[in-house]
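Encoded as structure tokens, the structure appears first; notes follow it.
The values are calculated or read from the model by the stated rules, or taken from the named source; none is laboratory data. Please read these numbers as outputs of a predicted model, since none were measured by experiment. Glycine also receives a Cβ, built like all others from the backbone with ideal geometry; neighbour counts cover every protein chain displayed.
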Amino acid sequence: MATTLDVPSTRILDSTETYTERLATIINTIAKTEKIMLMSGPGVSVACGLPCLDMDERVLLGSTDFQYETSLQNAFDECSLLNTQAKSVSQNRLALFNKYMADLRVRARSAPMSNFHLFLQRALREKRVMRCLTTSFDGLDGQPNSGDDERIIRMYGDNRFLRCFDGNRELPVMHERRLTDVAQGMKSQRLAGQSAALRFLRPAVDIHLPIELHRVGDLRNEVIEDAKSCQLLLIVGLTLKSGEVYDLVRELASEVHHGYGAVIYVDNEPIRGRNTGGIVDFHLQMDIEEFSTRVLAAMDTLQMAADDINMDPVLELEQSEMWYEVRDTRIVKLR
């Protein structure tokens, strides 16, 4: 008869003295893990000094000539090329949306490299991260190695690019090209040629999962298959408000748990509006940069120890057991 692993409620750990030893154990185990499924979100961008994009937040988009108030969710939806009514959105609204996205792009270009992105870069280079799925669209996670970059799935698109479609076709034909600079276009957009171009060029961002990541989508099936060989699902700075994202997290967590792995959620903020019992094992309620710094330091320590005794850092047999042992130890604070 098959045995079922009992997955406890989400256990919350912070960086206070109460959980010092347990937190150190988890961070060291992350540093040892050889196969990781990583998910990240806007909390990572905030750590780089970029604004927190709450899609329910009301924002005032405006210029000297025109302004309007809306939610970020509505602004993205009405200007998306996936919206069949997008062609009828007013010229002024499209211009303000493009300007808003251009401002975000400029800020992202000058944002410093965070310790999380250093961890991501190293984990990809060392082939520890099987896939990185992110809802961030600022492109800060771009990798110098194209092979590493291909393992990053930008679920909401990439603001470094513009997407255009051929309006003469019955179905839009999507193209992507590198955006050089759109921020200066507000005044000159009244020119007829630029106005026409504006209607066919939008940031390559859509805040919904693409069809390929829906259930039975090809890319989703590939990611689920990869998760079966992972010992850890690491979720960093990702809000679970979206039902689509929550459903994907739940499915990935199920595969990782089936292989006796663990699911770790990292964010200074509490998880709101979602029951994560049976999905997330530990919520490390701490600063993302502090977490990343500690994991990088633990990776360095383990590598130096391995070099000193001339052996592999972790044997595969240990990989299949170490997270089971970490999860099996009970602590008091539950979600």
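List of remarks:
- Reported count of residues in the stretch 228-250, each being over 24 Å from F116 (Cβ atoms) and either touching a Leu at 6+ places or on another chain (Cβ under 8 Å) or assigned to a helix (DSSP H, G or I) (or both), is 2.
- Scanning the stretch 268-281 for residues that are buried (at least 23 other Cβ atoms within 10 Å of the Cβ) and of a type outside the set (V, I, T) turns up just one, D281.
- Taking the stretch 44-67 as the range and being within 15 Å of L238 (Cα to Cα) and of a type in the set (V, I, T) as the test, the residues that pass are V44, V46.
- Number of the exception - G142 against (1) surrounded by 18 or more Cβ atoms within 10 Å (Cβ to Cβ); (2) at pLDDT below 90: (1)
- Inter-residue pairs, beta-carbon under 8 Å, first at pLDDT below 90 and in the stretch 6-21, second charged (D, E, K, R) and in a strand (DSSP E or B), 6+ apart: none
Let's see how each residue does on (1) within 26 Å of L209 (Cβ to Cβ); (2) outside the structural domain of D267 (by TED's automatic domain parsing); (3) modelled with pLDDT of 85 or more:
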residue	(1), (2), (3)
T25	no, no, yes
V89	yes, yes, no
A102	yes, yes, yes
R131	yes, no, yes
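- Of the residues making up the stretch 273-312, those that are of a type in the set (A, V, I, L, M, F, W, C), in a helix (DSSP H, G or I) and modelled with pLDDT of 95 or more are I288, F291, V295, L296, A297, A298, M299.
- From K127, K187, K228, residue being modelled with pLDDT under 80 and basic (K, R): K187
- Test result for L38, crowded, with 20+ Cβ neighbours inside 10 Å, outside any helix (DSSP H, G or I) and at negative phi: yes
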